[in-house]
1. Assuming R0 = 35 Å, what is the FRET efficiency of Ala223 and Glu170, from their Cβ-Cβ distance, to the nearest 0.05?
2. Over the stretch 238-332, what relative contact order in percent results from Cα pairs under 8 Å that are six or more residues apart?
3. Take peptides 285-296, 264-275, 48-59 and line them up by average Cβ neighbours within 10 Å, highest first, as a rough protection proxy.
4. Please state, to two decimals, what the Cα-based radius of gyration of the stretch 236-334 comes to when divided by 2.2 N^0.38 Å (N = residues).
5. Measure off 7 Å from each Cα along the Cα-to-Cβ vector at Ala153 and Ser33, then give the distance between these two points in nanometres to one decimal.
6. Based on the alpha-carbon gyration tensor of the stretch 43-119 and its eigenvalue square roots a ≥ b ≥ c, which shape applies: rounded if a/c is under 1.5, prolate if not and a/b is larger than b/c, or oblate?
7. Does the stretch 188-265 come out rounded, prolate or oblate by the C-alpha gyration tensor, with a ≥ b ≥ c the root eigenvalues, rounded set by a/c under 1.5 and, if not, prolate when a/b is larger than b/c and oblate if not?
8. Please report the equivalent ellipsoid semi-axes of the stretch 221-292, computed as sqrt(5 x eigenvalue) of the Cα gyration tensor, largest first, in whole Å.
Amino acid sequence: MIPADRVWTELQRLFLPPGSNSLPMEAEDILDSWTAAPAQSTTLPSISPRDLHTRIRALPLGKSAGPSGLRAEHLRRLRPPTQQSLARLLDVILEGHQLGLTARRLLSNCFLTVLKKPTSTATELQCRPIAVPDVLRKLAGQLLLQRLRPRLAEFLAPIQVGIALPGGSELAVLPTRLALQREAAGLLTVDFANAFNTVSRQVVLDMARVFPEAHPFVKAIYADSPRVYTNSTDGSLPPFIEVREGVQQGDPLGPSLFACGLQLLLATVRARDRQVTEATHLSAYLDDVTVVGPPAEVGHVLQSLRTFAPAFNLQLRDDKCEWWRDPTYSSMPLPPNLDGLRRQGGTKQLAVPVGDPLCM
């Protein structure tokens, strides 16, 4: 049995981060330019019975139920006429506008499941709280993501290669290898603390406007501070927690929404710091950000990330950020922003060697 105080500590860390500050002017200008005029139709095509059947068959079995009590096993037993009715219901859900408060709560709220971490010992139990969304929410999100995938790839690439791009990690590594061939170039890997759970909810909602056909559904799900119900019966935990920041665990759209928020942060860094030239390459695979270029410019990028990240409710972890430079130039002084960071023993990006000549 995991102690309630341990569970509460983890719940606070994951689901109750402090709020974010207002966005810098550069970020507001970039956001306005991205959302000024929709280039695509704002109407989603109706869900076909075939697409719905495929998505239902892809849902994993044996998972906990969300607020509706439905599981993938129940949906697999639906007869074709009922599946057609479900497809029409999902059309209404994805339109978002017609959903009342009860429907929005059912779709946005989650139940809490607490798992024991493998690192737990007999004297110290460690836990991982998992928020379980409703299966209808997951199904609607997967169907929407299927329609958005080509546009997401077009919008996020070439900076963000972890969304909607098969083999995205390889696409991130190749430019890094080429950049490292420049004289005295170095590589910085950036780590954010608890990024998915803390990214500014307002930034997520604002960035959803880049995709007008998705915004009503995202707003219906995230605008009312979704609740995570603890199912506590002895009063050791509050009955629910209102989650006001971050993207939700188990949400198929969560990684894409986070990536869009991070895209705005990286674009702001590029727009604000005039001392960073095209010689410096920025890339991201989900929340793993890599910066390659001359040490002075990489130092400017790091400082800009430290400056702007709090407005996005993101916090850099200096103890996890790593810096590498070709040993040939190790005697050259480092900019103050980079001095003191942990040095990598070898050159790796996403666990892939990128600096060895054999890898070029």
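The values are calculated or read from the model by the stated rules, or taken from the named source; none is laboratory data. Not measured: the values here are computed from a predicted model. In this analysis, Cβ positions are derived from the backbone assuming ideal geometry, glycine residues included, and neighbour counts consider all displayed protein chains. Accessible surface is based on the protein model in full, side chains and every heavy atom, while ligands, DNA and RNA are left aside. Shrake-Rupley method; radii C 1.70, N 1.55, O 1.52, S 1.80 Å.
1. 0.40
2. Across the stretch 238-332, relative contact order equals 20 percent.
3. 285-296, 264-275, 48-59
4. 1.34
5. Rounded to a tenth, the inter-label distance reads 2.5 nm.
6. It is oblate, given that a/c is not under 1.5 and a/b is not larger than b/c.
7. Since a/c reaches 1.5 but b/c is at least a/b, the shape of the stretch 188-265 is classed as oblate.
8. 38, 12, 11
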